[in-house]
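For reference, the structure discussed in these notes is given below.
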Amino acid sequence: MTKNLRVKTSKYIDETYKISFKFNGTTYYGYKGDTLASALLANNIHLVGRSFKYHRPRGIMTAGSEEPNAIVQLHKNSSRTEPNVRATEIEIYEGLEASSQNCWPSVNFDIGGINNFLSPILPAGFYYKTFMWPASFWEKYEYFIRKSAGLGKSPTEPDPDIYEHKYVHCDVLVIGAGISGIIAAKTSAKSGFKTLLVDEKPYLGGSTIYQNSEHFKINNQISSSWLDKEINEIKKIKNLEVKTRTSVSAFHGYNFLLARENLTDHLPLNQRNNKIRHRLLKIRSKKVINATGSLERPLIFDNNDRPGILLSSAIEKYANLYGVACGEKNVLFTNNDSAYETVISLNQKGINVEAIIDNREEIDSKLIKEAENNNIKIYKGYTVVNTSGYKRVNQVSIMQLSKDGQKVIGTKKSIDCDCLGISGGWTPAVHLFTQSGGKLKFRDEDQVFIPNIYPSDQISIGSCNGEFTLDEILTTTPKTLKEFLNLKKTDYEDLEIQSSFNKSKRNIWLLPSDKIIGKTKPFVDYQNDATAKDIKLALREGFRSIEHVKRYTTTGMGTDQGKLGNMHALGIISETAGTKMGESGTTTFRPPYTPLTFGTIVGRNVGEYFDTFRKTPIHEWHVENKAEFENVGQWKRAWYYPKDGENMHDAVQRESKAARDSAGILDASTLGKIDIQGTDASEFLNRVYTNAWSKLAVGKCRYGLMLNEDGMVYDDGVTTRLGENHYIMTTTTGGAATVLGKLEDYLQTEWPELDVYLTSVTDHYATVSVCGPNSKKIVSQVIPDLDFSDGSFPHMSFKNTKIGKIKCRVMRISFTGEHSYEINIQANYGKSVWEKCMEVGKEFNITPYGTETMHLLRAEKGFIIVGQDTDATMTPIDLQMDWIVSKKKYDFIGKRSLYRSDTIKEDRKQLVGLLTEDPKEVLEEGAQIVADIKSPIEMLGHVTSSYYSPNLKKSIALGVVRGGKNMMGQKLIIPMENKKINVIVADPVFLDKENKRLNA
Amino acid sequence: MFVINCPYCGEREQSEFKAGGEAHIVRPKQPTELSDDEWAEYLFMRKNIKGIQFERWVHAHGCRKWFNLVRDTSNDVIKAVYKMGEKPPTK
Ligand SMILES: [Zn+2]
C-alpha cells in the first residue's frame, strides 16, 4: 500500500536531491530537507511503533521534539546505534536505517499486543500491586517486563564519535527562532548586545515561516514572506551568532544554560568520521529571552491514539513545510480556531478535508467562513466519541455535546477518514522558564500557565508567554524588548498587522463519551499508556498531589516528559477532585528538555581523560620495572613489583622480607608536603597537632596527629623543624589538599593574628625512602660526604646536604619500624637518586617495594593508617595513642571534644591487635568481630587491616573492638560465611616494641 | 550555578569555590571552660534558614581566600560579599 503522498513542492524540500533510507528493513525514498517522519508519511506510513504497556499500534503524532510515539532505533547492531530517537526530529540522509522499538517480532505483528486485550486487568499501579508480591517472583517478572517493554537497545560497542564542551558568554541569549525570537535577536544585536540565537530545528522562522495564508499579513505582505526578509538580514548583523540544530536542555540559576549543538546527526555515516558530533554549550548569558513557543494540545477521547491521528498543527506543517499529505480523507477535530488554519492550508494544497468537528457551538471568524465557503461540513457543538481502525484510523464516531459539555446527546454519526487532526488549543512551552526557578500563574480564560515571577534577568515573549495571535505577538514583543533591553525604539513599532484568528475556545479536559469511562481508553500520556481512567483511579485510591498521581500512573514520566498530556492530567485531577486549576501547581519540569546522549554529557572526558591522574617523578622507572599500580587519590602509586610471574601475595611476601632482612626502597613522593614559615610557626603547630612543638630542636623531626574539632583523628605525619621559624609538614597522600585547606581556614578565619605562611610543596620534591638494616650502608654511598654516625644523625633527625651539586634534605624517619632514611630532592632529580640507590644497593639486594608492602610492614609495627584503621569516629584515645595527646597544652584543635561525655565512654570502639588461633589463617579486612554467636548477635567491631607477616611467620591483624582496650588476651570470633575464626586480642605492636631496629 | 564575586578576584564561576557553612561562629577562646552543652552548641549547632543566610566561602581554585557571603537560600540570590573580619551588612 505504498503511495506517494507528496503533494506540492515546498522550498524547504529539495526534490532534486533524492535520498534512500531503510525503515524496518524496507528501502524508501525521501528528499533532502525531510525528517524521517515526513519521509515516512510521504510514503503513507503512519504505524511506526508500539506503545509501552499495551503494545497498541502507534503512529506519528507531531512534527517536533514533543513527539511521544514515533521513537525509533537508528542503525541497529552498529556502534553508532541509538535508541529513542524521535522520527520527527531526525533529518534523513543517504543510508539512514531506522527500526521500530518496543515490538516483537515486528511492528505489524506484535505479540505484546495481547496486553491491549488484557488491559482491564492492567490498570494504573498494576506493576506496583502485582509484581511486588511475592517478592521472590520479582526476578521472573522483571525478565518478562524487560523483554516485552524495551525502550530500545543501547549500543554494545565503544562510541566512535567525538563530543566536546564549550563555554559561551554573551549579553543576550535568545532561545527559539520563531517570529518573536527573530525580532528579539535582531533588536538586541543591533542595539550593541553580544547576542546568541539558538533553535533546535535546522531552519529559522518557527511556525510562521510556513504560513502561506492571506489571513495573516504584516505590512501587507504574507507573514512568511515578511519573516523571510527579516531572516535574510540576520547574516549582515554584527554581534549576532545564530546556531540551528541547537537545543537548550537546561536552564539553571544565574542564567547558566546548557545547550546541545548537533553537528553531524544529519550527515551520512561515512561523512562523520573525525568530526565532532555533539557540542555541549555551557552558556552564561547576562540576559535571556525565552521565545520557546508553544505546543499544541491533543484532545482526550476514547481511542485517541490510533495511527493516523495527529496534532492538527503537525498536519499543517507536513503539508506546508514538507509538502506531504498525512491522509487523503482528512477530518479535523478542534475546540479552537487553529484547526481552521490547517484546513485552509490543506485546501491550498488540494488535500481533501471531509469534515470539521468543533466543540464550540457558536463560532464566527474569517477562517471559519473560508472553510464554510469551501463547502467543508462543520459539526458545531459536536465531539468525537470514538475511533476505529487497528493499524490506521478509518472512521470517527461523533455525537453532540450537551450545553454544559458534560454529556453527549442525540444519535451517533460516523465519518470515514484516513487521518484525524486534533487541536485542543495551545500550551506555552514554559519548561525552561520553570527549570530556572520561574513561577507560573494560571490564566483562566484559556486555561494556560504563563510565566509570572522571574528568578533572574530574563523575559518571555511570543507564544511561550501566552500570546497566541500574530497581532498580540507583534504589538507586545517590541514593547517588552524596549523595557527589557532599556531601548528607546525598535524597528518594529508601527507594523500593520492583519490577523484573522479568533481566540474563542471551549476547553473540556476529558471529553464525554456515550460509554462509561471504564470501557474507554482516552490516552493522556501516549508514551506511557496512561489514560484518563488511570488518573481517576489514582484519585479514587486516595492520591491527591499531582506529583503522586504522576508517579502512580506514570503520566509524564516517559522520554517526552509528557509534553503533550501534562495539562490534561492536571485538568482531569482538578475536575475530579473539585479543586481549582492552578492551585495545586504543575509537576516539576526537569532537565534535559529533550534527552541527551551520554557522549554530550561527558564530552572529552573519556578513556584516559576520564579523570586527571598524577605521576611521581620516578613513575617511569616503576613502569619500566613492571610495577602494578594502585590509585591513591589521583596518584598512581606503585603497588607491588611482581617478578617472574609472581602473584601479588608472593611479591609482597618477598618485598617485605627483603626490607627487614637487608634493604628496601619506596617511592614516597606522593606524601603531602606543606612548607610552614613565620615567627608564629611553632605556636601554630601547637594549636593544630595534639602534641607540643615549641621545644622541638632545629634539625629534629616529630610525628604529629591532627584532630578535627570534634576530637576525631583527621590526619597524621612527620613534621621537621628546618629552622627557627621554618617547618616542613608531611601529610597523608590522600589528605594533602584537605589538610592544607583546613590549616588555611584556621589561619585566615580564627587566628589571623598569627604570622604564619603555608605553601604546598608536594610536587616540588621527590622522596626516596630506603629502609632496612643495610640502609645506612647504601645511603652513605649515595651521599659520601655526610656524617651518618648515630651520634650525629640519630633517629628522628634531619640534615641539609648535597648530592653532587644538588641540595637535598635527608630525614632519618621510619614508617616501617626499620632503620631508614628519606631523601627529599628537587623533583627533576628524583629518578636519578632512585637509580643511584638501586645501583649501590645491588650488593645488598635492595628491593623496591610498593604500597602493599608498606602497609604490611607498618602493620607489623602497629602504625596506623588514617582512613584505613580509622574512620571519622576514632579519637587518639580510641587508638591507644594517649601518649601523643599533650596534657599540658591549654588548647589545640579537638582538645575539648576528647572529654565530652560521649568520647570518654569506656565501651567505645578501640584499636587492638588480633592474632588468629591458626597462625596461617588470614582474616578478611572488614570482617565483623563478635564475642558470641547467639541471636541476636552483638557486633563488637571489625577488622581494619590484615596480612600474613613473612617476618613473624604468622597472620596479624588490626581491628576496632568495642571496649577492646580491656580485652587483652581475650578470645573473640570472626564469623564468616562457612566458618568461624577464633582470634585473640593482642597488643597492636607485633614487632620490635622496644624500637631496637629503628635505632640500630 | 552561581556567579560569585570574590572580594579579591571579582566574578567567578561557583565551581571555583567551596562553601564552608554558617558564618560568624567564633571558636571559643577558652574551650576548656565550657560545659559539654556549651561546647556542643559551638561544635554541632548550625542554622538552616529559608531566606537570608550568612555563609563562609573560600575561593578554593583561585586566590584561596576565605570570605563571607549573604545569600537568600530561597532563590540563591547573593545579596552581599565581604572580607573576613569585616562587619556583616545590616541591610
Ligand atoms: Zn579569589
Quiz item: Looking only at strands (runs of 3 or more DSSP E) that fall completely inside the stretch A:780-858, which ones have 3 or more residues that are closer than 20 Å to residue A:1000 by Cβ and touching a residue at least 60 places away in the same chain (Cβ under 8 Å)?
Solution: A:797-803
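Here is a yes/no grid of residues against (1) part of a helix (DSSP H, G or I); (2) more than 28 Å from the chain's Cα centre (by Cα); (3) surrounded by fewer than 19 Cβ atoms within 10 Å (Cβ to Cβ):
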position: A:452; (1), (2), (3): no, yes, yes
position: A:477; (1), (2), (3): yes, yes, no
position: A:518; (1), (2), (3): yes, yes, yes
position: A:528; (1), (2), (3): no, no, no
position: A:535; (1), (2), (3): yes, yes, no
Quiz item: From the list A:311, A:258, A:281, which residue is modelled with pLDDT of 95 or more, touching a Ser or Thr at 6+ places or on another chain (Cβ under 6 Å) and within 30 Å of residue A:191 (Cα to Cα)?
Solution: A:258
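Of the residues that sit in the stretch A:250-277 and are out of contact with any Leu (no Cβ under 7 Å at 6 or more places or on another chain) and outside any loop (DSSP other than H, G, I, E, B), which one is farthest from the other protein chains (Cβ to nearest Cβ)?
The residue in question is A:270.
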Practice problem: Keeping to the stretch A:493-516, report how many residues are surrounded by fewer than 18 Cβ atoms within 10 Å (Cβ to Cβ) and assigned to a loop (DSSP other than H, G, I, E, B). | Solution: 10
Quiz item: Among the residues of the stretch B:1-53, how many are of a type in the set (Ser, Thr, Tyr) and touching a Cys at 6+ places or on another chain (Cβ under 9 Å)?
Solution: 1
Self-check item: residue A:463 of a type in the set (Gly, Ala, Ser) and either more than 20 Å from residue A:588 (Cβ to Cβ) or in a strand (DSSP E or B) (or both)
Solution: yes
Quiz prompt | residue B:57 more than 16 Å from the ligand (Cβ to nearest atom), buried (at least 17 other Cβ atoms within 10 Å of the Cβ) and within 27 Å of residue A:710 (Cα to Cα) | solution = no
Practice problem: Starting from the stretch A:479-490, take each residue that is closer than 13 Å to residue A:183 by Cβ and in contact (Cβ under 8 Å) with a residue 12 or more places away in the chain and list its partners that are surrounded by 13 or more Cβ atoms within 10 Å (Cβ to Cβ) and basic (Lys, Arg), counting only C-beta distances under 8 angstrom and pairs at least six apart or across chains. | Solution: A:484/A:287; A:485/A:287; A:490/A:482
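Considering only the stretch A:320-360, state which residues are in a loop (DSSP other than H, G, I, E, B), in contact with a Phe, Trp or Tyr (Cβ under 9 Å, 6 or more places away or on another chain) and hydrophobic (A, V, I, L, M, F, W, C).
A:321, A:325, A:326
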Quiz prompt | Complete set of residues in the stretch A:39-56 that are surrounded by fewer than 24 Cβ atoms within 10 Å (Cβ to Cβ) and outside any loop (DSSP other than H, G, I, E, B) | solution = A:47
Quiz item: Looking only at the stretch A:376-394, which residues are surrounded by fewer than 16 Cβ atoms within 10 Å (Cβ to Cβ) and in a strand (DSSP E or B)?
Solution: A:377, A:380, A:388
Quiz prompt | Filtered residues of the stretch B:6-34 (kept if away from the ligand (no atom under 15 Å from the Cβ) and either in contact (Cβ under 8 Å) with a residue 60 or more places away in the chain or surrounded by fewer than 11 Cβ atoms within 10 Å (Cβ to Cβ) (or both)) | solution = B:21, B:23, B:24, B:26, B:29, B:30, B:33
Quiz item: Which residue, of A:578, A:585, is on the phi > 0 side of the Ramachandran plot and in contact with a helix residue (DSSP H, G or I) (Cβ under 8 Å, 6 or more places away or on another chain)?
Solution: A:585
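Go through the stretch B:1-88 and tell me which strands (runs of 3 or more DSSP E), entirely inside it, have 2 or more residues that are in contact with a Lys or Arg (Cβ under 9 Å, 6 or more places away or on another chain) and at the interface with chain A (Cβ under 10 Å from one of its Cβ atoms). Walk me through how you get there before you give the answer.
Working: elements: B:3-6, B:10-13, B:18-22, B:52-58, B:66-72, B:77-83.
Answer list for the stretch B:1-88: B:3-6, B:66-72, B:77-83.
Would you list the strands (runs of 3 or more DSSP E) that sit entirely within the stretch A:618-729 and hold 2 or more residues that are crowded, with 21+ Cβ neighbours inside 10 Å? Break it down stepwise before answering.
Numbers: elements: A:628-632, A:635-640, A:664-667, A:672-677, A:701-707, A:713-723.
Fully inside the stretch A:618-729 and qualifying: A:635-640, A:664-667, A:672-677, A:701-707, A:713-723.
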Quiz prompt | Matching residues in the stretch B:60-91 - criterion: being in contact (Cβ under 8 Å) with a residue 60 or more places away in the chain and within 16 Å of the ligand (Cβ to nearest atom) | solution = B:67, B:69, B:78, B:81, B:82, B:83
Quiz item: If you go through the stretch A:8-23, how many residues are crowded, with 18+ Cβ neighbours inside 10 Å and not in a strand (DSSP E or B)?
Solution: 3
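Kindly check whether there is at least one residue in the stretch B:43-50 that is under 10 Å from the mean Cα position of the chain (by Cα) and either surrounded by fewer than 16 Cβ atoms within 10 Å (Cβ to Cβ) or away from the ligand (no atom under 16 Å from the Cβ) (or both). Even if it seems obvious, please write down each step before you answer.
Our first condition is that a residue be under 10 Å from the mean Cα position of the chain (by Cα); within the stretch B:43-50, this holds for none.
No, the stretch B:43-50 has no match at all.
The values are calculated or read from the model by the stated rules, or taken from the named source; none is laboratory data. Just so it is clear, the structure is predicted and the values come from calculations on it, not from any experiment. Note that each Cβ is placed from the backbone with ideal geometry, even for glycine, and that neighbours are counted across all protein chains shown.
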